[in-house]
1. Under 20 Å from the 7 Å Cα→Cβ point of residue 192, by amide nitrogen: which residues of segment 1-32?
2. Looking at 186, 20, 41, which one has the Cα that reaches farthest to the positive end of the dipole of segment 2-196 (charges on Cβ: Lys, Arg +1; Asp, Glu -1)?
3. So which lysines pass the test for residue 60, namely a Cα distance under 16 Å, with those fewer than 8 places away in the same chain ruled out?
4. Sorting 187, 124, 21 on the 10 Å Cβ count, fewest up front, what's the list?
5. Can you sort 121, 127 by how many other beta carbons sit within 10 Å, fewest first?
6. So, in nm, how far is label residue 171 from label residue 34 when the simple model puts each one 7 Å beyond its Cα toward the Cβ?
7. Expressed as a fraction of 2.2 N^0.38 Å, the rule-of-thumb size for a compact globular protein of N residues, what is the C-alpha radius of gyration of segment 2-196?
8. About its Cα centre, how strong a charge dipole does the chain have in debye, to the nearest 20, once Lys and Arg get +1 and Asp and Glu get -1 at the Cβ?
Amino acid sequence: MSTVVFLIGSGLLNPVLQRPEFLADLYSDRTKVVGGLMLELINAIAVAGIAMLLYPALKKHNEAFALGYFGSRMLESAILIISLVGPIVLIAFSEDYMAAEASGRPLFQTIANIAVDAHFMLFELAMVVLSLGSLLFCHVLYRAKLVPRFLPIIGFIGYIGLLTSSCLAIAGHDIGSVLYIPGAIFEILLPLWLIVKGFNPRAV
């Protein structure tokens, strides 16, 4: 359910960072921002934990792909944690911005814009890493029949869409979140299936 936690966190954080004059409002909205950052941090830690839990089961079926998936989730977790640094710094930066003279504020705003752009760019990079690793994950699920095959098929579609969307965003072509939907469905359905049914015991 780390996906749900992340969606709630980004739902708190992103609307603040996407305002035209976000730096003027950031300090007054710091409680909301910190709450969003904490939820995103929980998601980043959960990402690493999920990889640790799944690696032993995947390794039995394809050690190379299991290791690739494990490494990608660890890298994703690290990138997501690094991406939180910018918004954290901007909270204090916002207070300095409000205290600065009018002539100095454009420089503050320029630096803040760079920090926000870096935050969103690092997120897209993390999604590229997630997509590549999760395609390996879905391959193992499909070939080993660890879960019903319709689930990894949804995963394949979702992660190809996510990879496409994130690569386009990094290249400067934002097409919104429509391509995230199949991947989000997979990341909600798979944990629910594992909680209720677990992996196919005959495959494990």
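1. Under 20 Å, as judged by backbone N against the label point of residue 192, lie 1-9 of segment 1-32.
2. 186
3. The qualifying lysines are 145.
4. Lowest count first: 21, 124, 187.
5. Result, fewest neighbours first: 121, 127.
6. Between residue 171 and residue 34, the simple spin-label model gives 4.2 nm.
7. That works out to 1.15 for segment 2-196.
8. Rounded to the nearest 20 debye, it is 1260 debye.
Read-outs throughout are calculated quantities, based only on the coordinates presented, and are distinct from any laboratory measurement. Since this is a predicted model, take the numbers as computed values, not measurements. Don't worry about glycine lacking a Cβ; one is built from the backbone with ideal geometry, like all the others, and counts go over all protein chains shown.
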